[in-house]
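Peer 1: I'd like to ask you about the structure that follows.
The values are calculated or read from the model by the stated rules, or taken from the named source; none is laboratory data. Predicted model only: the values in this text are computed from it and were never measured. Every residue, glycine among them, receives a Cβ derived from its backbone with ideal geometry; neighbour counts consider all protein chains shown. Heavy atoms of the whole protein, side chains included, go into the accessibility calculation; ligands, DNA and RNA do not. Shrake-Rupley method; radii C 1.70, N 1.55, O 1.52, S 1.80 Å.
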Amino acid sequence: MTDRDEERTFGALPPTRGRSFAQTWWGRAWLRALEDAALDSGQVKTGRRLARAGAVGAVSVRPGRVTAVVEDRDGTAHRADVLLHELSQEHWDLFLDMAAERSGHVAALLDRDMPPHLVEDAAAAGVELLPGLGDLDAECECGAWDHCGHTAALCYQVALLLDEDPFVLLLLRGRGEHALLEALQGRVAQPSDDPGDTEGGLDALEAYAAGDILPPLPVDPEWPEQPGTPPSLETEGTPAAGVDPIALEFIARAAAQEAHLLLAEALGRAPGGRGTASEALSLVQDAVRLAACDPPEGVAERLAGGSCRGREELALAVRAWRYGGVSALLVLDDAWDVEAEFLSRARAALHTAWDEDERPRMRADRNRWTAVGRGTQLRLGRDGGWWPYRKERGHWAPAGPATSDPATALAIAEEDPTTG
């Protein structure tokens with residue numbers, strides 16, 4: 001079976017306001033290939049704006065080419081194509097041999113993941129999977145000879161598709177998912193004839209291929225929408241000296257909530273980013289974490305004292321925690337001097353995020369950029385994320401989670417909080 005004529009079509013996506021275009025490292029690599037090679041950065045900004053507005057129609061992906069119809073602001077439609085060289089048969093053989101030797105690579109692809117070591121191993125074998133500088137060619141009905149706003153918009157839309165499924169990139173390089181898995185299946189070693197020989201385990205591809213003959217897995221247990229209720233404390237007797245029953249019940253409830261949230265994040269049922277799983281919290285930070293669990297009045301007052309904040313300040317810290325955990329809390333509390341190289345990248349991001357006539361006037365103060373006359377602010381995190389802030393009752397208040405795009409962050413900050 002070959003997949004030379006395979007084609008996948010993805011429906012048009014809605015506007016992406018408030019969402020970055022590339023969440024995965026390979027999606028960001030795709031966009032770098034566009035942004036680093038485009039001769040006119042203004043066209044790249046136009047494309048990003050069109051993609052964010054939902055102007056890209058259904059996307060067709062086939063070997064060597066991705067196609068969509070893109071509408072201008074005035075409703076004029078143009079067919080846009082982005083071309084990427086297919087891998088040669090020799091390069092595919094090298095890739096398949098490499099992947100077949102490492103079952104972890106196959107398992108990652110089946111899980112819709114593209115770990116860096118897979119790309120690095122492919123490059124070491126002489127196969128470049130991700131596009132580099134100048135690899136993304138453009139064709140558009142508008143007549144542009146380089147990337148125009150329409151092809152740039154298509155590239156941004158493809159980045160969203162790549163985030164969900166790296167097989168989109170492999171199809172562009174010349175192999176569809178089914179043909180690729182069949183070719184890998186033909187390369188894996190056959191199992192031993194000795195039924196007792198299980199030393200090497202079961203190859204991932206063999207397990208995948210046998211999925212239709214194995215008995216079905218048991219039904220997943222019903223997901224608890226709420227954390228469990230901790231056991232009630234004995235309240236008839238007098239508590240021991242130093243024991244606060246109300247606070248102890250709250251601690252048990254907060255622990256159940258934390259366990260439920262960690263499980264939800266691990267199973268992909270809730271956004272991560274709080275940074276609590278691997279980072280030790282200070283006492284002040286942990287007081288904020290507990291305050292985010294809706295403590296009773298007396299406990300809330302004690303937590304406010306433990307967090308070294310007043311009640312209003314603690315409310316802002318709780319809001320920040322719910323948006324991004326430790327990272328968001330550090331951005332709320334700390335203003336820091338941005339190092340020269342980091343500052344240069346931040347200024348470049350601010351410059352390219354808007355067209356010249358749409359760019360807001362910003363006043364910079366350390367890692368904070370305030371939009372003059374708009375009551376909104378962007379704060380740069382140490383990881384490069386942009387955090388939206390808005391002025392509320394005389395205080396700068398966190399308005400949402402961090403994004404990689406300053407224009408998206410500012411749009412979040414300017415949303416009416418009463419409609420949230």
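Peer 1: Evaluate region 291-303: report whether one residue or more is modelled with pLDDT under 85, open to solvent by less than 70 Å² (accessible area, probe 1.4 Å) and closer than 16 Å to residue 383 by Cα.
Peer 2: No, region 291-303 contains no residue that is modelled with pLDDT under 85, open to solvent by less than 70 Å² (accessible area, probe 1.4 Å) and closer than 16 Å to residue 383 by Cα.
Peer 1: Still on this structure: Inside region 304-342, can you point out the residues that are surrounded by fewer than 18 Cβ atoms within 10 Å (Cβ to Cβ) and small (Gly, Ala, Ser)?
Peer 2: Selection gives 305, 306, 310, 315, 335, 340.
Peer 1: Please state which one of 67, 46, 76 is surrounded by fewer than 18 Cβ atoms within 10 Å (Cβ to Cβ) and of a type in the set (Ser, Thr, Tyr). Walk me through it before giving the result.
Peer 2: Working: 67 fails: surrounded by fewer than 18 Cβ atoms within 10 Å (Cβ to Cβ); 46 fails: surrounded by fewer than 18 Cβ atoms within 10 Å (Cβ to Cβ).
Criteria check complete, one pass: 76.
Peer 1: Among 86, 120, which is more than 26 Å from residue 151 (Cβ to Cβ) and open to solvent by 20 Å² or more (accessible area, probe 1.4 Å)?
Peer 2: On the way: 86 fails: more than 26 Å from residue 151 (Cβ to Cβ).
None of the other options fit; the residue is 120.
Peer 1: For residue 40, are the conditions met, namely being surrounded by fewer than 19 Cβ atoms within 10 Å (Cβ to Cβ), modelled with pLDDT under 90, closer than 23 Å to residue 143 by Cα and not aliphatic (A, V, I, L, M)? It would help to see each step written out before you state the result.
Peer 2: Working: surrounded by fewer than 19 Cβ atoms within 10 Å (Cβ to Cβ): yes; modelled with pLDDT under 90: yes; closer than 23 Å to residue 143 by Cα: yes; not aliphatic (A, V, I, L, M): yes.
Yes, satisfied.
Peer 1: Quick one: count up the residues across region 348-370 that are under 15 Å from residue 337 (Cα atoms), part of a loop (DSSP other than H, G, I, E, B) and open to solvent by less than 70 Å² (accessible area, probe 1.4 Å). Even if it seems obvious, please write down each step before you answer.
Peer 2: To start, the set of residues in region 348-370 that are under 15 Å from residue 337 (Cα atoms) comprises 363-369.
Right, trim to part of a loop (DSSP other than H, G, I, E, B) and you get 366-367.
Keeping just the survivors that are open to solvent by less than 70 Å² (accessible area, probe 1.4 Å) gives 367.
The qualifying residues number 1.
Peer 1: Right, something else. Which residues, taken from region 375-405, are open to solvent by 30 Å² or more (accessible area, probe 1.4 Å), more than 19 Å from residue 318 (Cα to Cα) and at pLDDT below 90?
Peer 2: Across region 375-405, the qualifying residues are 382, 383, 404.
Peer 1: Considering only region 142-177, state which residues are open to solvent by 10 Å² or more (accessible area, probe 1.4 Å), touching a helix residue (DSSP H, G or I) at 6+ places or on another chain (Cβ under 8 Å) and either under 15 Å from residue 68 (Cα atoms) or not acidic (Asp, Glu) (or both).
Peer 2: First pass over region 142-177, keeping only residues open to solvent by 10 Å² or more (accessible area, probe 1.4 Å): 142-147, 150, 161, 163-165, 173, 175, 177.
Then drop every residue that is not touching a helix residue (DSSP H, G or I) at 6+ places or on another chain (Cβ under 8 Å), which leaves 142, 144, 146-147, 150, 161, 163, 175, 177.
Result: 142, 144, 147, 150, 161, 175.
Peer 1: Could you list, ordered by first residue, the pairs with Cβ atoms under 9 Å in which the first is in region 325-342 and among the β-branched types (Val, Ile, Thr) and the second is surrounded by 22 or more Cβ atoms within 10 Å (Cβ to Cβ) and part of a loop (DSSP other than H, G, I, E, B), at least 6 apart or interchain?
Peer 2: Note: pairs meeting the criteria are 326/274; 331/402.
Peer 1: Filter the helices (runs of 4 or more DSSP H) completely within region 42-159 down to those with at least 1 residues that are within 23 Å of the chain's Cα centre (by Cα). Give the steps one after another, and end with the answer.
Peer 2: Numbers: elements: 89-101, 103-110, 116-124.
Per the criteria, 103-110, 116-124.
Peer 1: Confirm whether residue 60 is at pLDDT 90 or above, of a type in the set (Ser, Thr, Tyr), under 17 Å from residue 129 (Cβ atoms) and surrounded by fewer than 18 Cβ atoms within 10 Å (Cβ to Cβ).
Peer 2: Details: at pLDDT 90 or above: yes; of a type in the set (Ser, Thr, Tyr): yes; under 17 Å from residue 129 (Cβ atoms): no; surrounded by fewer than 18 Cβ atoms within 10 Å (Cβ to Cβ): yes.
Judged against the criteria, residue 60 is not a match.
Peer 1: Same structure again: Considering only region 371-400, state which residues are charged (D, E, K, R), without any contact (Cβ under 8 Å) to a residue 40 or more places away in the chain and part of a strand (DSSP E or B). Steps first, please.
Peer 2: Here is the first cut: in region 371-400, the ones charged (D, E, K, R) are 374, 379, 382-383, 390-393.
Filter again for without any contact (Cβ under 8 Å) to a residue 40 or more places away in the chain, leaving 390-393.
Those that are charged (D, E, K, R), without any contact (Cβ under 8 Å) to a residue 40 or more places away in the chain and part of a strand (DSSP E or B): 390, 391, 392.
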